[in-house]
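The values are calculated or read from the model by the stated rules, or taken from the named source; none is laboratory data. Source: prediction; values computed, not measured. Positions of Cβ are backbone-derived with ideal geometry, glycine not excepted, and every protein chain shown enters the neighbour counts. Just the protein is used for accessible areas: all its heavy atoms, side chains included, with ligands, DNA and RNA removed. Shrake-Rupley method; radii C 1.70, N 1.55, O 1.52, S 1.80 Å.
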Amino acid sequence: MSVRTRIGLVLALLLLGVAAALFRPGEARRTERFPVMGTIAAVSLEADPEAAERGIAAVRAEFDRVVELCNLRDPESELSRLNAAAATAPFVCSPELWEIITQARAAWRISGGAFDPTVKPLMDLWGFYRKRGETAPEAGEIAGARELVGLDKVEFDDAARSVRFLRSGMAFDFGGIAKGYAVDRAAERLEQLGFHRGLVDLGGNIRGLSDGEYRVGITDPSHPDLLTDEIITLHGSEAVASSGDYQRFVVLGGVRYGHIIDPASGVPPAPDYAVTVVAPTAVAADWLSTSAFLRGPEFSEIAGRECGARLVFVDKER
């Protein structure tokens, strides 16, 4: 990583990296950024201003619908209602929430449990959803939370689209899959509306539209405000996502802990790399990046065979 270009915001840099490939000289384009899901979304479309407004409004609507489904901070969201009720009786899901759950079940199976949508008790314990004290959890606390984690402790009825938690205190957290799902829905809606050149970005979960190639930079895990000199090319509607321990974290006892928790140990790991995944869909890139961060370079073969993905691991400076 000999050459780096300083940019204040990684999002701006990502969009800058694709601009030359995304738009032909003289063609109209529109880019809009807006906050959603605790991050920044960006939509770039090749279209006249009026058409672009319609496309961006459609993307916002798709994102808003996924938020309504999966927002853990809203007790009235469908996911919150599922989490509150499913240990008592089977919870019947809407078709769309069931689709997300189906994707999460496949991710759990392919990743060998590295991606686990029941990880919320551990996320709570480490202070990512509710503030804890100044010190990291003790071994006994971690062991207790791990008793509530594991998709093998969930009962599914595919015919009824229902979910039942086998232990009280379990809960789903789709933080590692919902953004990718939302990007896929938004990109597919844009294609239905006749947009075929453009880019949808939700906090670094990025998918192109079908007519074009898009160049995307990779964040340097040692310097998160910089890019490495490696460029990834997305072909058509491919998607890309990255995972590392540099974006979202807590500091406990003077130690920084990243937000990706290993379900097997109950502890956030601190590997000496970050990983970027290119996959056919944004939802696959999303959960594959989490899984690859936990499982390491040996996961590349499984990701390629099962999902048609390619992985790039970038070492931190020592």
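Quick check: is even one residue across the stretch 294-313 over 20 Å from ALA182 (Cα atoms), touching a residue at least 60 places away in the same chain (Cβ under 8 Å), under 17 Å from the mean Cα position of the chain (by Cα) and part of a strand (DSSP E or B)?
Scanning the stretch 294-313, I find at least one residue that is over 20 Å from ALA182 (Cα atoms), touching a residue at least 60 places away in the same chain (Cβ under 8 Å), under 17 Å from the mean Cα position of the chain (by Cα) and part of a strand (DSSP E or B), so the answer is yes.
Given the conditions (1) buried (at least 18 other Cβ atoms within 10 Å of the Cβ); (2) part of a strand (DSSP E or B); (3) touching a residue at least 40 places away in the same chain (Cβ under 8 Å), report the number of the one that VAL275 does not fulfil.
(3)
Kindly indicate whether any position in the stretch 128-138 is modelled with pLDDT of 95 or more and open to solvent by less than 70 Å² (accessible area, probe 1.4 Å).
no
Quick one: SER242 ticks every box in (1) among the small types (Gly, Ala, Ser); (2) open to solvent by 10 Å² or more (accessible area, probe 1.4 Å); (3) more than 18 Å from PHE174 (Cα to Cα); (4) within 13 Å of the chain's Cα centre (by Cα) except a single one, so which number is it?
Result: SER242 fails condition (3) only.
Do we find a residue being more than 23 Å from ARG256 (Cβ to Cβ), over 18 Å from the mean Cα position of the chain (by Cα), part of a loop (DSSP other than H, G, I, E, B) and not small (Gly, Ala, Ser) anywhere in the stretch 126-137?
No - not one qualifying residue is present in the stretch 126-137.
Just to be sure I understand, how many residues within the stretch 253-266 are modelled with pLDDT of 90 or more and in contact with a strand residue (DSSP E or B) (Cβ under 8 Å, 6 or more places away or on another chain)?
As a first pass, look at the stretch 253-266 and keep what is modelled with pLDDT of 90 or more: 260-266.
Of the ones still in play, those that are also in contact with a strand residue (DSSP E or B) (Cβ under 8 Å, 6 or more places away or on another chain) are 260.
Residues that pass the stated criteria total 1.
Return the total of residues in the stretch 88-100 being in contact with a helix residue (DSSP H, G or I) (Cβ under 9 Å, 6 or more places away or on another chain) and open to solvent by less than 50 Å² (accessible area, probe 1.4 Å).
Within the stretch 88-100, residues that are in contact with a helix residue (DSSP H, G or I) (Cβ under 9 Å, 6 or more places away or on another chain) and open to solvent by less than 50 Å² (accessible area, probe 1.4 Å) number 6.
Would you be able to tell me the number of residues in the stretch 163-213 that are open to solvent by 30 Å² or more (accessible area, probe 1.4 Å), small (Gly, Ala, Ser) and either out of contact with any Pro (no Cβ under 8 Å at 6 or more places or on another chain) or within 22 Å of VAL66 (Cβ to Cβ) (or both)?
5
Looking only at the stretch 47-86, count how many residues are of a type in the set (A, V, I, L, M, F, W, C), under 16 Å from ASP201 (Cα atoms) and either in contact (Cβ under 8 Å) with a residue 40 or more places away in the chain or open to solvent by 20 Å² or more (accessible area, probe 1.4 Å) (or both).
Going through the stretch 47-86 one residue at a time, the tally reaches 7.
Going through the stretch 105-122 one residue at a time, which ones are of a type in the set (A, V, I, L, M), in contact (Cβ under 8 Å) with a residue 60 or more places away in the chain and either open to solvent by 30 Å² or more (accessible area, probe 1.4 Å) or touching an Asp or Glu at 6+ places or on another chain (Cβ under 6 Å) (or both)?
Listed by number, the residues that qualify are ILE110, VAL119.
With the condition kept exactly as written, say whether any residue in the stretch 160-172 is in contact (Cβ under 8 Å) with a residue 40 or more places away in the chain and within 20 Å of the chain's Cα centre (by Cα).
Checking the stretch 160-172: at least one residue is in contact (Cβ under 8 Å) with a residue 40 or more places away in the chain and within 20 Å of the chain's Cα centre (by Cα).
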